[in-house]
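The values are calculated or read from the model by the stated rules, or taken from the named source; none is laboratory data. Note that the structure is a prediction, hence the values are computed from the model and not measured. Using ideal geometry, Cβ is built from the backbone for each residue, glycine included, and neighbour counts are taken over all protein chains shown. Only protein heavy atoms, including side chains, enter the accessible area calculation; ligands, DNA and RNA are left aside. Shrake-Rupley method; radii C 1.70, N 1.55, O 1.52, S 1.80 Å.
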Amino acid sequence: MEAAITILALLFVAFIALGVYATVKAVGAAKRGVDRTITQARRTVEDTTLRAKSFGQTGVAGELAQLRLALRTSMRATQDALHAGVAEDSSLAESVGLFHRLSAHGLELDDELKRLEREPDRATVAALLPQLKERTQRITHSADSLRWAARDWARQFADDDLDALNAQIDIEAGALRHWTVEEQRPQQASGAASQGPGAGAGRAHDAGVDWPEPTAGAGNSTTADESWGGPAREEAPQAITAPDPHLRTRYPWQKAARPETTN
């Protein structure tokens, strides 16, 4: 009984701990979501303000707003491209590390530009503008180079994958069309059969072979009609007395008549 009570107590404590852990995780996720939403809203408001200043103000204030807007736009686009690429290809991890180092310089420049917007001495700020423009161009150029390099890498990887896929599809399509090869084979066989007897005779004639023609009195059972596929003619009845073998025309392949033996 005491063991069952102990097990139930342990299970109750485990459920309580699991509930507390789930609650903490849910609160943390909600807090991160709220922070992300607030950050995004603040960023949107700040970007909108910078656009309004760059178009609505002239002089030093307008130029500072343009520099900040160009810097933030380039860095944000590069960050999004690299984070999306490294999720699919881990080889971009080194590029992400370089971007983090570049982001430190970009954030430092953005903070400096932000402070100069509130600087009352406009003459001093105007004197610093060429240096600030050069720094902004260097950082944005590096960020743009990283972003386009990552995009070119992803496109090249996609092209290689597409080439391999096209090759596999061509092989599969050829395998599915195997009946075309099987249809060509019977056609070739029927063409060779249609050239059988006539083609053989034509080849023999072209080769210069002259077949001797049998004489009218020859007792050959194979006639011209039979050799060309016509009906075989019946042989005429022969006389009881055999003809003289010396009067018959002999062919090279016929055997000589054997002399009759006398008893």
May I ask you to order 143-149, 162-168 by the average number of other C-beta atoms within 10 Å around their residues, highest value first?
-> 143-149, 162-168
Cα-only Rg/Rh for the stretch 77-157 with Kirkwood Rh rounds to 1.13
Looking at VAL96, PRO130, PRO120, which one has the Cα that reaches farthest to the positive end of the dipole of the stretch 84-132 (charges on Cβ: Lys, Arg +1; Asp, Glu -1)?
-> PRO120
Spacing of the two label points (7 Å from each Cα toward its C-beta) at GLU172 and SER145, in nm = 4.2 nm
Tally Lys/Arg at +1 and Asp/Glu at -1 over every other residue whose Cβ is under 14 Å from the Cβ of LEU69; what's the total?
-> +3
Give, rounded to the nearest 20 debye, the magnitude of the charge dipole that the stretch 133-180 has about its Cα centre when Lys and Arg contribute +1 at Cβ and Asp and Glu contribute -1 at Cβ.
-> 480 debye
Portion, in percent, of the accessible area of the stretch 70-151 that falls on carbon or sulfur, probe 1.4 Å | 53 percent
Hey, what do the phi angles of the stretch 152-167 turn into as Karplus ³J(HN,Hα) couplings, whole Hz, using 6.51/-1.76/1.60 and θ = phi - 60°, x for Gly and Pro?
-> 5, 5, 5, 5, 5, 4, 5, 5, 5, 5, 5, 4, 5, 5, 5, 5
In the neighborhood of ASP89, defined by Cβ-to-Cβ distances under 13 Å, what is the net charge if each Lys or Arg adds +1 and each Asp or Glu adds -1?
-> -3
Please compute the net charge surrounding THR78, taking Lys and Arg as +1 and Asp and Glu as -1 over other residues with Cβ under 12 Å from its Cβ.
-> +2
Compute the length gained on full extension between ALA84 and THR124: take 0.36 nm times their separation in residues and subtract their Cα-Cα distance, giving the result in nm to one decimal.
-> 10.3 nm
